[in-house]
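Just passing along the structure, written as structure tokens.
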Amino acid sequence: MKPLAIDLFCGLGGWTDGLLVEGYDVVGFDIEQHNYGDGKWYPAQLVLQDVTTLHGGQFKDAALIVASPPCQEYSY
């Protein structure tokens, strides 16, 4: 059985790509599905949900949780 990783604010899956290579099952959470015009979509199971509405109990089976919230102020 593969370990479960949760990718919060998953975007296009930068964390997820590496986690999949390392043998994790990954579930990503984001408020929207992203596509930046190159045809690339999130590579694992995607849950469209605002992360501020999540409950920690949802992740009791997770071996790893990563969170990379967007930094809009410094992204431009």
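The values are calculated or read from the model by the stated rules, or taken from the named source; none is laboratory data. Computed from a predicted model, the values in this text were never measured in an experiment. Positions of Cβ are backbone-derived with ideal geometry, glycine not excepted, and every protein chain shown enters the neighbour counts. In case anyone asks, the SASA skips ligands and DNA or RNA and just uses the protein heavy atoms, side chains included. Shrake-Rupley method; radii C 1.70, N 1.55, O 1.52, S 1.80 Å.
Would you check which residues across the stretch 1-28 are buried (at least 21 other Cβ atoms within 10 Å of the Cβ) and assigned to a strand (DSSP E or B) and list them?
Result: Ala5, Ile6, Asp7, Val26, Gly28.
Take the stretch 29-49 and flag every residue that is under 14 Å from Pro70 (Cβ atoms), open to solvent by 50 Å² or more (accessible area, probe 1.4 Å) and at pLDDT 90 or above.
Correct list: Ile31 only.
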